[in-house]
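Q: To start, I am sharing the structure in question, which I have written as structure tokens.
The values are calculated or read from the model by the stated rules, or taken from the named source; none is laboratory data. As the structure is a computational prediction, the values presented were derived from the model and not from experiment. Virtual Cβ from ideal backbone geometry, glycine too; neighbours counted across all protein chains shown.
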Amino acid sequence: MRDLYGAYKVCAYSAQWIPWIEGSPTVDHFIPKSVKPELAYEWSNFRLSCLKMNARKRDFQDVLDPFQIAPGWFILDFPSLLIKANPDLDEGVKNQVRSTIKRLKLNDDDDCVKHRQDWLMRYCERKINFDFLKEIAPFIAYELERQNLVESIAFIMSVTYNSTVN
């Protein structure tokens, strides 16, 4: 477990840093032990996962392998911070992306969305720099770069936040 954490530090499914001290990093057997017990001790079958995502994935096999996902399959909508399937994907891949989002409850769990918002707002408020955001929330950073929002996201989020508060 320590080797896996040392190699990644980021949940393979939420793409966010897992603090070791909380005791929530877990080893997910991507191909469940119940399906292929011979892979139970194979490093290539291990995925670092936070406890919540591992519990949701369980032995289900309708979640995409994080090691096989191509850039751009999942997109992050700003300012809602909801994860979506890229509309340009072919229907088969798009359905797999949607299935993964649904199985892991990446949008249905307010804590997941709030956690993305917390990291993004820390960046917008200049409490953390972009390099640190890349380390602790690489998917958010990737999407900011892909959508060319690195410099303008603070304004977008402040307008959104202020309009919902007032």
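Conditions (1) outside any helix (DSSP H, G or I); (2) outside the structural domain of Glu143 (by TED's automatic domain parsing); (3) within 14 Å of the chain's Cα centre (by Cα), marked per residue:
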site: Lys52; (1), (2), (3): no, yes, yes
site: Val63; (1), (2), (3): yes, yes, yes
site: Asp88; (1), (2), (3): yes, no, no
site: Lys94; (1), (2), (3): no, no, no
site: Arg98; (1), (2), (3): no, no, yes
site: Ile101; (1), (2), (3): no, no, yes
site: Asp111; (1), (2), (3): no, no, yes
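Here is a yes/no grid of residues against (1) more than 30 Å from Val159 (Cα to Cα); (2) surrounded by 13 or more Cβ atoms within 10 Å (Cβ to Cβ):
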position	(1), (2)
Val27	yes, yes
Leu39	yes, yes
Leu51	yes, yes
Lys57	yes, yes
Ile83	no, yes
Lys105	no, yes
Asp111	no, no
His115	no, yes
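Q: Could you give me the residue pairs with C-beta distances under 7 Å whose first residue belongs to region 48-59 and is over 12 Å from Gln16 (Cα atoms), whose second residue is among the acidic types (Asp, Glu) wherever it lies, and which are 6+ apart or on separate chains?
A: Asn54/Asp28; Lys57/Asp28
Q: Going by the structure shown, is Arg47 surrounded by fewer than 17 Cβ atoms within 10 Å (Cβ to Cβ) and either closer than 30 Å to Ser152 by Cα or outside the structural domain of Met157 (by TED's automatic domain parsing) (or both)?
A: no
Q: Going through region 14-39 one residue at a time, which ones are in a loop (DSSP other than H, G, I, E, B), among the hydrophobic types (A, V, I, L, M, F, W, C) and at pLDDT 95 or above?
A: Ala15, Phe30, Ile31, Val35
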